[in-house]
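Input: a single structure, listed below in structure tokens.
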Amino acid sequence: MNALQIIFLVVAAVTLASAGFVAGARRTMHAALWLVLTLLGVAILLATLQAGFFAVVQVLVYIGAIAILILFAVMLTRGLTEEQGAVHHRWWWLAALAAGGVFAVALVILNRWPGFQVLLEELPREAEAMTDWGLALVDPMRYLIPFEVASVLLLAAMVAAIYLAMSRPGGQS
Amino acid sequence: MIPLGWYLIFAAALFAVGLFTALTRKNAIGILIGVEMMLNAVIVNLLAFWHYWVQQAGVPQLDGLTFAAIVFVVAAAETSVGLALIISAYRRLHTAVANDMDLLKG
Amino acid sequence: MSLWDFLRDPIGFLTTWFYGVLAGWGVAPGVAQAIGFALGSFILATGAMLFVMLLIWFERKVIARIQDRIGPNRIGPWGLFQSVADMLKIFTKEYITPIGVDWLPYNLAPVLSVASVLVVWAVIPFSITFYGADLNVGLLFVIAIASMGELAIVMAGWGSNNKYALLGAFRAVGQMISYATPMVVALLVPVMMAGSLSLNEIVQRQTVWYILVSPVAALIFFIASIAEVGRSPFDLVEAESELVSGFNVEYSGLKFGMFYVGEFLHAFTAALLFTTLFLGGWRGPGAEQIPILGFIYYVVKTGIVYFLTVLIRGSLPRFRMDQMMDLNWKLLTPLSLAVLLVTALTNKLLEGLALGWRVVVLILLNGLVLWVVNGLLQRYERRRVRREVTSVRRPVARPQQGGAE
């Protein structure tokens, strides 16, 4: 048990606990705030995987954009949705069964795989190879098409979001 | 020096909690929160396998990174459209509870 | 190990000495490094917080001069210790917690708002030897941490259980998210020129100040950073006449003080970043041999940038909400994209040219971009139908016929 493992265990425990609070929070706002802590924990775990770039992008995209948007949406739709009966569905135990089943199946399958116990060694510093990756992303023989598809997807999402959230004067809203 | 299995167990647990949240929450935003958690678990999984793969192959690998980046893009797109839908529905129906959005019910 | 060594690089000297002492006590290198980092961050954070007091005094003095007043002048020479007195006052004030606050977000928000700024200082290179961590994604880290500041504002606005606080938080976060777009795009110009996201490397490769390479990007970043911080003319967040004081209405005592300190620190950090990215950071004659000189250059350059922001604060009126959004989405964002494209293309096409000539071409192109934008804006302005702003005639209060007089 070395220092890195202890860090992992502590962060993973906090992250899963806050994920549990997300699932159980009575107010949607609290669920969203606990979600921020969960995302932060995941970012730290990504940093322990030596994916520093993705750890920072996780904070930037998930906390800086997605979580803030969710908080915004919760604040905009508040009032009527708070404190009116149960926040969870009536058949929540069915969902718990399903989630537990998924977890158990994943564990069983993973346990049969020999790579399960492999220790992740520290990679050499150049393993993340950001410059190579950047060049590969715009290389037509490698990832140009996924990259372009991703950008088109983002553009489409932006247009869609603006169109949906726009209030039309004299419209049916 | 962390076993790969720890990351995989963590990701599976996070995925399960996210699934539970997405299935049980009545509020549409709560459902979206659950989906975000599931996507996050996927990212952890992808990057753990990326690390494992680089370690096994001994040379830098880029497939895992690209995959993770695409998941980030999908998450961002999904949230923006999803929240726009919820806000738009809230404007018309004055509710964000998924059960009450039943205009199509006979 | 002489006096000259100490004077040349006091921080590096002290660090080496400290690690030497720890090694002499038989502390393992890993533990020694952990202690060193903890101590260093503690000293840096405390220094930053104390520095804010000086900053507040400076700002009050400058604003007072602009407004033809004297400013703080009672406590200490030139009123230098006015902030100390203010701080003591704020320490002894009562905490008033309104009914119905959301306890955790309400109390966490002030801490987060200061922390989110202080963490940025971890990656800023103050001189060639004096920096916290050399992250290879430093700039992304800075932007990511800035988004934690938005989180603090949301938490404060929500937690206070006050509709003015909530409205203030909406405005603040809307403004910060919007202005992040042109800011990040403008930041890509120095990143592209340096070929690195690490702040340290950006400074080291900055043989020509990037403000010369792309004055337009520097201008956009400057404007956007003022908006990020939420200072005048972008201080709609705390428009006193509309929102009492924005998201921090319900805070009192030291909790309010934290927000106050956080705001000043944020403004200063924006100046630090501007200096690092566009004014060559610690670069200057002899800064590589004598690190302390680099530190002095850095502080002086930052001081000038900060002075500029204070001047702007003192002299411009507040934007209206729609003007602020128009400025961002209709001017700064397209302009920043145009500048990014121009810089990237020019850099690629003129790769063989010497750096000096490339810079000249880039300056000319930047001027061209500005000229075109100016022309377009003037055409737009001429075509726009100006609505006559006339006041509706309201009945003037006059004595009622037959009423009590």
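Which one of these is assigned to a loop (DSSP other than H, G, I, E, B) and not β-branched (Val, Ile, Thr): C:Pro125, C:Pro110?
Only one candidate passes the filter, namely C:Pro125.
Give the residues of the stretch B:73-106 that are facing another protein chain (nearest Cβ under 7 Å) and out of contact with any Leu (no Cβ under 9 Å at 6 or more places or on another chain), sorted by residue number.
Matches in the stretch B:73-106: B:Arg91 only.
Check whether at least one residue in the stretch B:6-15 is touching a Phe, Trp or Tyr at 6+ places or on another chain (Cβ under 7 Å) and over 21 Å from A:Ala47 (Cβ atoms), and report yes or no.
No: the stretch B:6-15 contains no residue that is touching a Phe, Trp or Tyr at 6+ places or on another chain (Cβ under 7 Å) and over 21 Å from A:Ala47 (Cβ atoms).
From the list C:Val111, C:Val119, C:Val154, C:Val123, pick out the single residue that is in contact with a helix residue (DSSP H, G or I) (Cβ under 9 Å, 6 or more places away or on another chain), in the same structural domain as C:Pro98 (by TED's automatic domain parsing), surrounded by 24 or more Cβ atoms within 10 Å (Cβ to Cβ) and hydrophobic (A, V, I, L, M, F, W, C).
Matching residue, one of C:Val111, C:Val119, C:Val154, C:Val123: C:Val154.
Just checking, does the stretch C:319-333 include any residue being out of contact with any Cys (no Cβ under 7 Å at 6 or more places or on another chain) and either of a type in the set (Ser, Thr, Tyr) or farther than 23 Å from C:Val237 by Cα (or both)?
Yes: the stretch C:319-333 contains one or more residues that are out of contact with any Cys (no Cβ under 7 Å at 6 or more places or on another chain) and either of a type in the set (Ser, Thr, Tyr) or farther than 23 Å from C:Val237 by Cα (or both).
Could you say which residue among C:Pro72, C:Pro29, C:Pro10 is loosely packed, with under 12 Cβ neighbours inside 10 Å, not polar (S, T, N, Q) and not assigned by TED's automatic domain parsing to the domain that holds C:Val117?
None of the other options fit; the residue is C:Pro29.
Quick one: B:His51 ticks every box in (1) buried (at least 20 other Cβ atoms within 10 Å of the Cβ); (2) within 19 Å of the chain's Cα centre (by Cα); (3) within 7 Å of another protein chain (Cβ to nearest Cβ) bar one, so which box is it?
(2)
Would you be able to say whether some residue in the stretch A:152-168 is modelled with pLDDT under 85, more than 7 Å from every other protein chain (Cβ to nearest Cβ), assigned to a loop (DSSP other than H, G, I, E, B) and under 27 Å from B:Asn45 (Cβ atoms)?
Checking the stretch A:152-168: not a single residue is modelled with pLDDT under 85, more than 7 Å from every other protein chain (Cβ to nearest Cβ), assigned to a loop (DSSP other than H, G, I, E, B) and under 27 Å from B:Asn45 (Cβ atoms).
State whether the residues of the stretch A:1-11 include one that is within 12 Å of chain C (Cβ to nearest Cβ) and either free of Cβ contacts under 8 Å to residues at least 24 places away in the same chain or polar (S, T, N, Q) (or both).
Yes, there is a match, as at least one residue in the stretch A:1-11 is within 12 Å of chain C (Cβ to nearest Cβ) and either free of Cβ contacts under 8 Å to residues at least 24 places away in the same chain or polar (S, T, N, Q) (or both).
Could you check C:Asn73 against (1) of a type in the set (S, T, N, Q); (2) in a helix (DSSP H, G or I); (3) under 25 Å from C:Tyr306 (Cβ atoms) and say which number it fails?
Status for C:Asn73: all satisfied but (2).
Does the stretch A:104-111 include one or more residues that are at the interface with another protein chain (Cβ under 7 Å from one of its Cβ atoms), in a helix (DSSP H, G or I), under 30 Å from C:Ala165 (Cα atoms) and at pLDDT 85 or above?
Checked the stretch A:104-111: no residue is at the interface with another protein chain (Cβ under 7 Å from one of its Cβ atoms), in a helix (DSSP H, G or I), under 30 Å from C:Ala165 (Cα atoms) and at pLDDT 85 or above.
Tell me which residues, restricted to the stretch C:167-198, are within 13 Å of chain A (Cβ to nearest Cβ), in contact (Cβ under 8 Å) with a residue 40 or more places away in the chain and among the hydrophobic types (A, V, I, L, M, F, W, C).
Within the stretch C:167-198, C:Leu167, C:Ala169, C:Ala172, C:Met176, C:Ala180, C:Met183, C:Val184, C:Leu187, C:Leu188, C:Val191, C:Met192, C:Leu197 qualify.
Condition check ((1) surrounded by fewer than 16 Cβ atoms within 10 Å (Cβ to Cβ); (2) under 30 Å from C:Ser160 (Cβ atoms)) across all residues:
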{"position": "C:Leu265", "(1), (2)": "no, yes"}
{"position": "C:Arg283", "(1), (2)": "no, no"}
{"position": "C:Gln289", "(1), (2)": "yes, no"}
{"position": "C:Phe295", "(1), (2)": "no, no"}
{"position": "C:Arg313", "(1), (2)": "no, yes"}
{"position": "C:Met324", "(1), (2)": "no, yes"}
{"position": "C:Asn347", "(1), (2)": "no, no"}
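I want to confirm something. Restricting to the stretch B:3-28 and keeping residues that are closer than 17 Å to A:Leu37 by Cβ and either among the basic types (Lys, Arg) or within 7 Å of chain A (Cβ to nearest Cβ) (or both), which single residue is surrounded by the fewest Cβ atoms within 10 Å (Cβ to Cβ)?
Among those residues, the one meeting the criterion is B:Ala13.
The values are calculated or read from the model by the stated rules, or taken from the named source; none is laboratory data. Here the structure is a predicted model, which is why all the values come from computation and not from measurement. FYI the Cβ positions are ideal-geometry reconstructions off the backbone, even for glycines, and counts take in every protein chain you see.
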